[in-house]
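The structure under discussion appears below in the form of structure tokens.
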Amino acid sequence: MSRTFIEILRRALDEELGRDPAVHLLGEDVAAGGAFGVTSGLAQKYGTQRVRNTPISEAAITGIATGAALCGLRPVLEIMFIDFATLALDCLVNQSAKYRYMSGGQLAVPMVVRTQAGAAGGAAAQHSQSLEAWFIHVPGLIVVAPSSPVEAYGLLKSAVRLGDPVLFIEHKRLYTLKEALPVDAELPPIGHARVARVGTDVTLIAYSAMVRNALEAADELSRSDLSVEVLDLRTLAPLDMATIGASVSKTHRVVIAHEAVESGGLGAEISARIGSDLFDELDAPVTRVACPFSPIPFAPGLEQALLPGTANIVRAVRSVLG
Amino acid sequence: MTEPTTLADWKGMYRALWRIRIFEGQVQRLAAAGEVPGFPHLSTGQEAVAVGVCAHLTREDALFTGHRGHGHTLAKGSDVQAAFAEILGRDSGLCRGRGGSMHLVDAANGMLGATGVVAGNLPLAAGAAWAFQTRGATTISVVFFGDGATGAGVFHETLNLAALWKLPILFVCENNGYAEFTSREEHSNVKQVSAFAAPYGMPARTIDGNDLIVVHAAAGDAVAALRHGSGPYLLECMTYRMAGHYVGDAQHYRSKEELAAIKEKCPIERLKRRLIEWGARESELDALGEEARQEVLHGVERARASPPPDPATVLEYVYSAPSLAAPSRVNS
């Protein structure tokens, strides 16, 4: 039976709430199902103490989740849009991320912050951003960005069970996507990328919704007899350079695609690491496909004009194969 | 504490005040000598708040503090040597030299953390209280903060949430009249911090924070109510920072008269006068002070003699597992 990304997230949360009494959900409207319905019905099943509504106080609720995690709970906090995580930055950056380290390993913050990111449908400049690069810059934080419903199911469950603070970024464009959940699927480990499609001519690195564009591009290029290997990073911090390295050593060409702006983005980090660690393997410059340096516009035509898509990836791959 | 407080209890607290006073004096001395890395902040003159509140706490109760937190840490039961070694950045320190003066943590004693970002500790303490509430425990959470924290939005967010959720948390404001170098009058029209509690439906009191007997009584009432599920309480303790904002602060913003008046308000002198009125001998009180001095000096010397952390361990404690040490290298 096929389920949407939202339904599969709900199932993962339902199972984790049922499995471990330490798991608690909190956030704005979560007891009512949340802004996108991910937690719909869970308060009825587990009670409003375990699925708890909060005021619109991102700084405080992130701190409360962190403090509760220090004292034995496994909170799963929903920040409705990643754009609002800016209001919780002191806690995420200065407190949650550093607690284990600053305490010399005495305390830990096993917490998941679920948030939703990316552009779609005219959400405009304050509800569409891809801010993951800010968070990968913070030692102690884990950043996960699933590319599909099935991936989200396993990664969310793994994140809930981890002993570290995890920022779990869901792309709004994936929310209505449907997939069937395999029976007895193994949970993917945090910190490991996935080869989403095997290929030999070029390594195409993507994450989140952009993995779908990457797979579409690979399909299209295969009709020109070009074999594209697609990597789905899954965990953005810490980066799985071992999987990237194995692929680059095979293909010798790299395209990195993400929706976030190009400047200071994850692509820059990956490109620099490939440049320093795998320079001798490269037959072409590492190329990035990313958003131009602009806020996300409102008008549908403008939004479409700005966002990188499958056609941009196809062009980039053709250029590195020159 | 449900049993009545005896003269012996008060003497114990008198000793505890001295323990903090001497400790801070040693931090000041060694900071001036260049032995203390970073920016230590002293709680000299504010000891009565730490001791009067912590006297009612168990080891299981959670305590959070801010950048001026040495006294709270000691009052919660931390070992002098381990606390001082941390302030010196030694491997035998509470946090193995990863935290320092502004980030003391002593989890075994329920000292769950000092944070160097003003007001950042408030929601953490509320979170601990929420965890206790979910378990139906009588354990409580206590957070110390200065009046400067009321300028932060998260102070108000946390008060609202704590009151709304009826969390077992005691907010203890040490109102020393200064946010860093700026007097309260210059940064808020709200004179008393306790006034912020009423709109959220939270009980609050403003008390003389330099009178240990007053602090002890007020905190005792608040803690007892909290353990019975009364919901949060805000205790504003008026106190005086006898030292500057940080070690080396020349305090040009304070007049000579103000500095002289502060000495009169010393909580240790005030308690001593009361205990003598109640029948304690001055000589035995002096002996308690001397005992505290010896304990602290002994701990400080052992801390100074202990080695720094091994630089090879610098990447420990970033993540829960070494396999997550970011980022993995090619071919690893």
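Quick check on A:ARG273: is it closer than 21 Å to A:HIS137 by Cα and out of contact with any Ser or Thr (no Cβ under 8 Å at 6 or more places or on another chain)?
yes
Only one of B:ILE262, B:ILE207 is surrounded by fewer than 21 Cβ atoms within 10 Å (Cβ to Cβ) and touching a residue at least 40 places away in the same chain (Cβ under 8 Å). Can you tell me which? Steps first, answer last, please.
Details: B:ILE207 fails: touching a residue at least 40 places away in the same chain (Cβ under 8 Å).
Exactly one of B:ILE262, B:ILE207 is surrounded by fewer than 21 Cβ atoms within 10 Å (Cβ to Cβ) and touching a residue at least 40 places away in the same chain (Cβ under 8 Å), namely B:ILE262.
Listed here are the residues, each with its yes/no results for (1) part of a helix (DSSP H, G or I); (2) among the β-branched types (Val, Ile, Thr); (3) under 16 Å from the mean Cα position of the chain (by Cα); (4) more than 12 Å from every other protein chain (Cβ to nearest Cβ).
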residue	(1), (2), (3), (4)
B:VAL143	no, yes, yes, no
B:PHE155	yes, no, no, no
B:LYS166	no, no, no, no
B:ALA195	yes, no, no, yes
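If you go through segment B:265-282, how many residues are in contact (Cβ under 8 Å) with a residue 60 or more places away in the chain and not in a loop (DSSP other than H, G, I, E, B)?
Number satisfying all stated conditions: 7.
Considering B:VAL296, B:VAL300, B:VAL215, B:VAL223, which residue is assigned to a helix (DSSP H, G or I) and in contact with a His (Cβ under 7 Å, 6 or more places away or on another chain)? Full working, then the answer.
Values: B:VAL296 fails: in contact with a His (Cβ under 7 Å, 6 or more places away or on another chain); B:VAL300 fails: in contact with a His (Cβ under 7 Å, 6 or more places away or on another chain); B:VAL215 fails: in contact with a His (Cβ under 7 Å, 6 or more places away or on another chain).
The conditions single out B:VAL223.
Yes/no matrix, rows are residues, columns are (1) of a type in the set (A, V, I, L, M, F, W, C); (2) part of a loop (DSSP other than H, G, I, E, B); (3) away from chain A (no Cβ under 11 Å):
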site	(1), (2), (3)
B:GLY45	no, yes, yes
B:LEU57	yes, yes, yes
B:GLY71	no, no, yes
B:GLY116	no, yes, no
B:ALA131	yes, no, no
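Got a number for residues in segment B:312-332 being at pLDDT 90 or above, of a type outside the set (Val, Ile, Thr) and closer than 15 Å to A:LEU239 by Cα?
Residues flagged as at pLDDT 90 or above, of a type outside the set (Val, Ile, Thr) and closer than 15 Å to A:LEU239 by Cα within segment B:312-332 amount to 1.
Kindly indicate whether any position in segment A:302-318 is farther than 26 Å from A:PRO149 by Cα and not hydrophobic (A, V, I, L, M, F, W, C).
Yes, segment A:302-318 has at least one match.
Out of the helices (runs of 4 or more DSSP H) lying entirely within segment A:206-312, which hold 1 or more residues that are in contact (Cβ under 8 Å) with a residue 60 or more places away in the chain and within 14 Å of chain B (Cβ to nearest Cβ)?
Passing ranges, in order: A:266-277.
Select from segment A:102-116 the residues that are surrounded by fewer than 24 Cβ atoms within 10 Å (Cβ to Cβ), farther than 23 Å from A:GLY37 by Cα and in contact (Cβ under 8 Å) with a residue 40 or more places away in the chain and write down the one among them that is farthest from the other protein chains (Cβ to nearest Cβ).
A:PRO110
Find all pairs meeting these conditions: Cβ atoms under 6 angstrom apart; at least six residues apart or on different chains; first residue within segment B:211-233 and within 30 Å of B:CYS266 (Cβ to Cβ); second residue of a type in the set (Ser, Thr, Tyr).
Within 6 Å, the pairs are B:ALA222/B:TYR233.
Considering only segment B:98-112, state which residues are facing another protein chain (nearest Cβ under 8 Å) and buried (at least 23 other Cβ atoms within 10 Å of the Cβ).
Within segment B:98-112, B:ARG98, B:GLY99, B:HIS103, B:VAL105, B:ASP106, B:LEU112 meet the criteria.
Here's the yes/no breakdown for (1) in the same structural domain as A:VAL261 (by TED's automatic domain parsing); (2) acidic (Asp, Glu); (3) under 24 Å from A:GLY154 (Cα atoms):
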{"position": "A:ALA217", "(1), (2), (3)": "yes, no, no"}
{"position": "A:GLU229", "(1), (2), (3)": "yes, yes, yes"}
{"position": "A:ARG234", "(1), (2), (3)": "yes, no, yes"}
{"position": "A:ILE244", "(1), (2), (3)": "yes, no, yes"}
{"position": "A:SER247", "(1), (2), (3)": "yes, no, yes"}
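Taking A:VAL183 as meeting all but one of (1) of a type in the set (Val, Ile, Thr); (2) surrounded by fewer than 24 Cβ atoms within 10 Å (Cβ to Cβ); (3) within 17 Å of A:ALA237 (Cα to Cα), write down the number of the exception.
(3)
Give me the strands (runs of 3 or more DSSP E) completely within segment A:23-101, filtered to those with at least 1 residues that are farther than 19 Å from A:PRO165 by Cα and either of a type in the set (A, V, I, L, M, F, W, C) or more than 7 Å from chain B (Cβ to nearest Cβ) (or both), ordered by residue number. Let's see the steps before the verdict.
Values: elements: A:23-27, A:51-53, A:74-79.
Once the strands (runs of 3 or more DSSP E) in segment A:23-101 are filtered for at least 1 residues that are farther than 19 Å from A:PRO165 by Cα and either of a type in the set (A, V, I, L, M, F, W, C) or more than 7 Å from chain B (Cβ to nearest Cβ) (or both), what remains is A:51-53.
Just one of the numbered conditions (1) buried (at least 20 other Cβ atoms within 10 Å of the Cβ); (2) out of contact with any strand residue (DSSP E or B) (no Cβ under 6 Å at 6 or more places or on another chain); (3) closer than 21 Å to A:LEU215 by Cα is not true of A:ILE296; which one?
Failing condition for A:ILE296: (3).
When segment A:33-86 is examined, which residues are found to be aromatic (Phe, Trp, Tyr) and within 22 Å of A:TRP134 (Cβ to Cβ)?
Kept after step one, since they are aromatic (Phe, Trp, Tyr), are these residues of segment A:33-86: A:36, A:46, A:81, A:84.
Of everything in segment A:33-86, those that are aromatic (Phe, Trp, Tyr) and within 22 Å of A:TRP134 (Cβ to Cβ) turn out to be A:PHE81, A:PHE84.
Identify the single condition in (1) among the polar types (S, T, N, Q); (2) within 17 Å of the chain's Cα centre (by Cα); (3) within 15 Å of B:LEU170 (Cα to Cα) that B:ASN210 does not satisfy, given that it satisfies every other one.
So B:ASN210 meets the others, but not (3).
Could you tell me which of the residues A:PRO165, A:PRO139 is within 14 Å of chain B (Cβ to nearest Cβ), surrounded by fewer than 19 Cβ atoms within 10 Å (Cβ to Cβ) and in contact with a helix residue (DSSP H, G or I) (Cβ under 9 Å, 6 or more places away or on another chain)? So that I can check it myself, show each step before the final result.
Values: A:PRO165 fails: surrounded by fewer than 19 Cβ atoms within 10 Å (Cβ to Cβ).
From the options A:PRO165, A:PRO139, the qualifying one is A:PRO139.
Answer yes if at least one residue in segment A:138-157 is over 11 Å from the mean Cα position of the chain (by Cα), under 30 Å from B:LEU315 (Cα atoms) and part of a helix (DSSP H, G or I), and no otherwise.
yes
Condition check: part of a helix (DSSP H, G or I) and farther than 17 Å from B:ARG270 by Cα. Does B:GLY25 satisfy that? Spell out the reasoning first.
Numbers: part of a helix (DSSP H, G or I): yes; farther than 17 Å from B:ARG270 by Cα: yes.
So B:GLY25 passes the test.
Quick one: would you say A:VAL261 is β-branched (Val, Ile, Thr), within 18 Å of A:SER130 (Cβ to Cβ) and in contact with a Phe, Trp or Tyr (Cβ under 7 Å, 6 or more places away or on another chain)?
Taking the combined requirement at face value, the residue satisfies it.
The values are calculated or read from the model by the stated rules, or taken from the named source; none is laboratory data. In this text, all values refer to a predicted model and were calculated from it rather than measured experimentally. Reconstructed Cβ throughout: ideal geometry from the backbone, glycine too, with neighbour counts over all protein chains shown.
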